[in-house]
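Undergrad: Right, I'll just put the structure down here and ask away after.
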Amino acid sequence: MATDLVRVAFLGLGAMGLPMACNLAEAGFEVAGFDVAAERSAQLAERGGRAAATPADAARGAQVVAAIPFDADQERAALFGPNGALETLDPGGLVILMATIGPVALRALAADITARGFRVVDAPVTGGASGAQAGTLTVIASGAAVDLAAAAPILKPMSGQVFQVGTEPGQGQMIKMVNQLLVGTHLAAAAEAMALARAAGADLQQVYDLLITGQARSQIFVSRVGAMLDGGFQTGSSLRIFTEKDMPLVLETGRAFGVPMVTASAALQTMQLAAAFGLEDASDAKLIHLLTDPVAVVSELTADRDRS
């Protein structure tokens, strides 16, 4: 059960945020959640939280804000905009920034938060929706030691591991960029690998079973190719997250440090191809399906358009 810090405002109840907030509520924290889609707040209320009408409503009387909206603009709006959470958060309260927004945006946001007298922990996560549901996310945390200690009880119900990677906000985001570089390139490489296997006439299930036992194995390959073969496509994030946010942030970070991002650039172009087919809101596993069996995917898209 939670101890002293019992009231948490949770901002952003998407595919990851909702189960994260539910895990907090089920751990005994008093959680008020806000999302621009009101039905998601209602789902939190069904799991023991409270549905808030605005970020300010969520943060009223809270000691902690945990925020994981889509991007930096949404994060800033939820905190500083009209009816923003910082209007009502307890003085000196802790803000845990969990969305992937890149180190530059995070540092700017953190500076504005601390200028108002609040504390900040930079804590992006990895592990996907399945990890969020299971409470096994990996948290990449940075901030002052006292703030990290204050955040620890909040992070525990949502995570399997918490890595403290630095003493300043932004350092967590930097490591998350390294993570997303690998996630994105592994996804594109998995798509090309399965496309090559199919073109050669190989049994895709056998190829999958073989590759996950050797050095070609990655978690992305296991989960996304597995989803394609199962035909469920419940695993993974929306491709839009990669094309509109995460991979551009990786490239921006590489430019800032003078590091060539050749594979990341190629991965983004592959993902943009899928978006051009109308798959930007599909599971990222659909990228593998598109390259492996483009005729089937185009047929699905055509049938969907005809039904609408």
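Undergrad: For segment 69-117, which residues satisfy the criterion of being more than 20 Å from GLN171 (Cα to Cα) and of a type in the set (D, E, K, R)?
TA: Within segment 69-117, GLU87, ASP90, ARG116 meet the criteria.
Undergrad: As an exercise: evaluate PHE257 against (1) more than 24 Å from THR100 (Cβ to Cβ); (2) open to solvent by 50 Å² or more (accessible area, probe 1.4 Å) and give the number of the one condition it does not meet.
TA: Tallying (1) more than 24 Å from THR100 (Cβ to Cβ); (2) open to solvent by 50 Å² or more (accessible area, probe 1.4 Å), PHE257 fails exactly one: (1).
Undergrad: Quick check on segment 198-209. Is at least one of its residues on the phi > 0 side of the Ramachandran plot and either within 25 Å of the chain's Cα centre (by Cα) or buried (at least 16 other Cβ atoms within 10 Å of the Cβ) (or both)?
TA: no
Undergrad: Scan (1) open to solvent by less than 10 Å² (accessible area, probe 1.4 Å); (2) not in a strand (DSSP E or B) for the single condition ILE96 breaks and write down its number.
TA: Evaluating ILE96 over (1) open to solvent by less than 10 Å² (accessible area, probe 1.4 Å); (2) not in a strand (DSSP E or B) leaves (2) as the failure.
Undergrad: Can ALA115 be described as closer than 25 Å to ASP90 by Cα, more than 22 Å from the chain's Cα centre (by Cα) and surrounded by fewer than 20 Cβ atoms within 10 Å (Cβ to Cβ)?
TA: yes
Undergrad: Moving on to the next point. Which of the helices (runs of 4 or more DSSP H) contained wholly in segment 237-298 include at least 2 residues that are farther than 22 Å from SER218 by Cα and without any contact (Cβ under 8 Å) to a residue 60 or more places away in the chain?
TA: 247-257, 262-276
Undergrad: If I filter segment 214-235 for residues that are modelled with pLDDT under 95, outside any helix (DSSP H, G or I) and surrounded by 14 or more Cβ atoms within 10 Å (Cβ to Cβ), do I get at least one hit?
TA: Yes, some residue in segment 214-235 is modelled with pLDDT under 95, outside any helix (DSSP H, G or I) and surrounded by 14 or more Cβ atoms within 10 Å (Cβ to Cβ).
Undergrad: Here's another thing I want to ask about it. Would it be correct to say that PRO153 is under 19 Å from VAL31 (Cβ atoms), touching a Ser or Thr at 6+ places or on another chain (Cβ under 8 Å) and surrounded by fewer than 21 Cβ atoms within 10 Å (Cβ to Cβ)?
TA: The answer is yes for PRO153.
The values are calculated or read from the model by the stated rules, or taken from the named source; none is laboratory data. Keep in mind the model is a prediction, meaning the values are calculated, not measured. Heads up, the Cβs are rebuilt from the backbone with ideal geometry, glycines too, and the neighbour counts pull from every protein chain shown. For the accessible areas, the whole protein counts, side chains as well, though only heavy atoms, and no ligand, DNA or RNA atoms are used. Shrake-Rupley method; radii C 1.70, N 1.55, O 1.52, S 1.80 Å.
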